[in-house]
1. Hey, with R₀ at 22 Å, roughly what FRET efficiency would ALA97 and ILE182 work out to, going by the Cβ-Cβ distance, to 0.05?
2. Using DSSP to call loops (not H, G, I, E or B), can you name the GluC sites (Glu not before Pro) in segment 1-80 whose Cβ has at most 12 other Cβ atoms within 10 angstrom?
3. Please enumerate, by chain and number, the lysines with C-alpha under 18 Å from the C-alpha of LYS2, excluding those fewer than 8 residues away in the same chain.
4. Spin-label point model (7 Å from Cα, Cβ direction): what's the ASN10 to ASP37 distance in nm?
5. How long is the gain from GLU147 to LYS198 if the chain were fully straight, where each residue apart is worth 0.36 nm and the alpha carbon distance is subtracted?
6. In deg cm²/dmol and to the nearest 500, what is the mean residue ellipticity at 222 nm of the chain if only DSSP H runs of at least 4 residues count, each as -39500 (n - 2.57), divided by the residue total?
7. Using a simple spin-label model with points 7 Å from Cα along the Cα→Cβ vector, what separation in nm is obtained for TYR114 and ALA191?
8. Can you list, largest first and rounded to whole Å, the semi-axes you get for the chain by taking the square root of 5 times each eigenvalue of its Cα gyration tensor?
Amino acid sequence: MKKIVIATRNPGKLDEFKKTLSGWGGFELYSLRDFGDLDPEETGTTFGENAVIKAVTTFRETGLPALGDDAGLEIDVLGGEPGVKSHRWIDGVNEAADDELIDYTLARLAGVPYENRTARLKLVLAYFDGTALSLSTAAIEGIIIEERPKKNEPGFPFRGLLFVPEYGKLYGEFTEEEHNTINHRRRALNALRRSINK
């Protein structure tokens, strides 16, 4: 059975990876939590750079093939902010709580008309097995709503803020079936299936 390390400490993110990979069969999955204090520092300036740092560093520290991803929100009217600093957007250093990020996003967009609130949840995924490095990118396009959402998925503060016109609802309100169809992590992972199955 092939062993793969998912380079994350986020339980929600790990669960999304497991749901997809378990359907492929033949994998024994680990996370950074299985390797003590291992937590690659995200020093890149793009999602791609951070995804590669996570995958390569995790492989070097564990000796096992690794999947690393970096994802976040890009708001067009703010020049792509928060981008790679999505969870550290408020002060640029510390990870903020979900509620703080939701309130901060709405405050930054106060007064911006609906048609100018276009944004996307973007993700870059990297897979490194010690020999080859593979990358894939996926995104969910939408519009940031003007009021605080009624509910939000823990660990994913921006999902409740992104209205997806294609489905006519907030990303955070998707059914499991809809989520599985549009989920950018699942789509990026499927794009790397051939490399991962080698």
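Laboratory data are not the source of any read-out in this text; all were calculated from the coordinates shown. Keep in mind it's a predicted model, so treat the numbers as computed, not measured. When we count neighbours, we look across all protein chains shown, and the Cβ atoms used for this are built from the backbone with ideal geometry, even at glycine.
1. Efficiency, rounded to the nearest 0.05: 0.25.
2. Listed in order of number, the matching sites are GLU41.
3. Hits, sequence-local ones excluded: LYS18, LYS19, LYS198.
4. Calculated label separation equals 2.4 nm.
5. 13.7 nm
6. Estimated from H runs of four or more residues: -9000 deg cm²/dmol.
7. Rounded to a tenth, the inter-label distance reads 3.1 nm.
8. 30, 18, 14
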